[in-house]
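Have a look at the structure below, then the notes.
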Amino acid sequence: MEKRQLGSSGVFISRLGLGTMTWGRDTDEHEAADQLRVYLDAGGNFLDTAAIYGYGDSERVIGGFINTLVKRDEIVIATKGGITFKDGDRLVDNSRSSLLADLDRSLNHLGVDHVDIWQVQNWDSQVPLEETLMALDYAVTSGRTSYVGICNFSGWQTSRAITLQNPLFGKVPITSTQNEYSLLNRDVENEVLDAAQNLNIGFLAWSPLGRGVLTGKYRQGIPADSRAATPHFASHVEPYFTPRAKRIVEAVSVAADGLGYSPLEVALGWVRDAPGVTSAIVGARTGAQMRGILTSEEITIPSQVRLALDDISRR
C-alpha cells in the first residue's frame, strides 16, 4: 500500500487508514484481529482510534494486539481526546486538564508510553484555544506523543490553530487535521482542504464511504446487520437518507457497473485520490468486509468518471 508523508512531518502513513470506532463493541477481539491481519498484510500501517470509542474499549483491543499481532514500531497509532459522555449527553471539554487526563487514559488503555499522533477531537467554544493548544505542547514535550493534530475544525479554526502553533514561536506544530469527506459531504472543500494544503499539514478523511451509504447497501432499505439498524449508529447514518444522497449513490452505482467495480471501490477511490488527502480512514465490522474494502487498492478512477461524480455530487 502506498505511503504518504503526513504534512511536513517525518512520518509516512498508508493512504488507507484502519478505523477502529466499533472495536470492543460491535466488533469483538477475534474479528478485530482478523481485520488487523488483513490490513497489515496489504501493507497498511495507520490505526485511528479515540478515547471515547467504546469508552476506551477500542484502545484496549488495540493494546492487546501490540507486540502480539504487530510490533509497536511497525504501526502509526493515532488517538483523540476532548469528548466525554455524561448522563447520556455528549460533552466537549478541551481544557488543558481534561485533555491531558484523556491522553493519560489512552496511554493506559493502549499499554504504551506514547502515541504517534494525538488529536483534539472537536472545537470547544467554551475554552480558549490558547489553553487547548497548551495541552498539545505539553503532550509532545513530555514524550506522550510524537505529533499532534486537530479534528472537525472549520477552515478558520484550522488556520487559527496552525498559526498559533508556529514553531518559530517555540510551539509544537500541528501536523494533521481530520474531517469528514466523501461524495455525500464535501464541505471541507470550501476552506479546510485549502488551509491544509497551503499550510502544509496532512489531511485525514473520515467516513469516506458516506457513513456506509455510498456502498449501496441501503438502496433497498436498511439491512438488519447494518450500522443504521443499531440504536447507537442509526442517528449517525440517517442524515444521508435524502433525495440528494440517493441521487449520488445511484450515480456511483452506475459508474461502478460501467467500470466493473463495486460502488465501495468507486466511492473510496474518489476520496483517497482527491487533491490534498493524505489518508482515507475506513472501518469494517468483519475481516471479510475489510478484504472487500482493500480491493480498492487495485483500482484508479478514470478522470472522466471523477469529473462526472464531481459534477453530480456538487448539486
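The values are calculated or read from the model by the stated rules, or taken from the named source; none is laboratory data. Note that the coordinates shown come from a computational prediction; the quantities given were computed from them, not determined experimentally. Glycine gets a Cβ as well: all are built from the backbone with ideal geometry, and neighbour counts include every protein chain shown.
Considering only residues of region 117-142 that are of a type in the set (Gly, Ala, Ser) and in a loop (DSSP other than H, G, I, E, B), which is surrounded by the fewest Cβ atoms within 10 Å (Cβ to Cβ)? Per the criteria, the residue is 125.
Just one of the listed residues (144, 211) is free of Cβ contacts under 8 Å to residues at least 60 places away in the same chain and on the phi > 0 side of the Ramachandran plot, namely 211.
As a summary of the residue check, residue 52 satisfies the conditions (1) β-branched (Val, Ile, Thr); (2) in contact (Cβ under 8 Å) with a residue 40 or more places away in the chain; (3) in contact with a helix residue (DSSP H, G or I) (Cβ under 6 Å, 6 or more places away or on another chain) except for the one numbered (3). Among the residues making up region 86-104, those that are at pLDDT below 95 and either more than 18 Å from residue 123 (Cβ to Cβ) or buried (at least 20 other Cβ atoms within 10 Å of the Cβ) (or both) are 86, 87, 88.
Filter region 42-99 down to the residues that are aliphatic (A, V, I, L, M) and assigned to a loop (DSSP other than H, G, I, E, B) and list them by number.
42, 50, 51, 52, 69, 75
When you check residue 109 against the structure, is it closer than 23 Å to residue 13 by Cβ and surrounded by fewer than 19 Cβ atoms within 10 Å (Cβ to Cβ), yes or no? No; evaluated as a whole, the condition is false for this residue. Look through 154, 182, 159, 176 and report the one residue that is under 25 Å from residue 111 (Cβ atoms), under 22 Å from the mean Cα position of the chain (by Cα) and polar (S, T, N, Q). Result of the check over 154, 182, 159, 176: 176.
Of the conditions (1) under 18 Å from residue 289 (Cβ atoms); (2) in contact with a Gly (Cβ under 7 Å, 6 or more places away or on another chain), residue 63 satisfies every one except a single condition; which number is it? The single condition residue 63 does not satisfy is (1).
Meeting the requirement of 3 or more residues that are among the aliphatic types (A, V, I, L, M) and over 30 Å from residue 30 (Cα atoms), the helices (runs of 4 or more DSSP H) wholly within region 232-315 are 243-259, 303-314.
Of everything listed in (1) within 28 Å of residue 155 (Cβ to Cβ); (2) at pLDDT 95 or above, the single unmet condition for residue 68 is (1). Just one of the listed residues (48, 26) is surrounded by 23 or more Cβ atoms within 10 Å (Cβ to Cβ) and of a type in the set (D, E, K, R), and it is 48. A count restricted to region 171-201 and to residues that are assigned to a loop (DSSP other than H, G, I, E, B) and either of a type in the set (Phe, Trp, Tyr) or out of contact with any Gly (no Cβ under 7 Å at 6 or more places or on another chain) (or both) stands at 6. Looking across region 261-313, just one residue is in contact with a Leu (Cβ under 8 Å, 6 or more places away or on another chain) and among the basic types (Lys, Arg), and that is 272.
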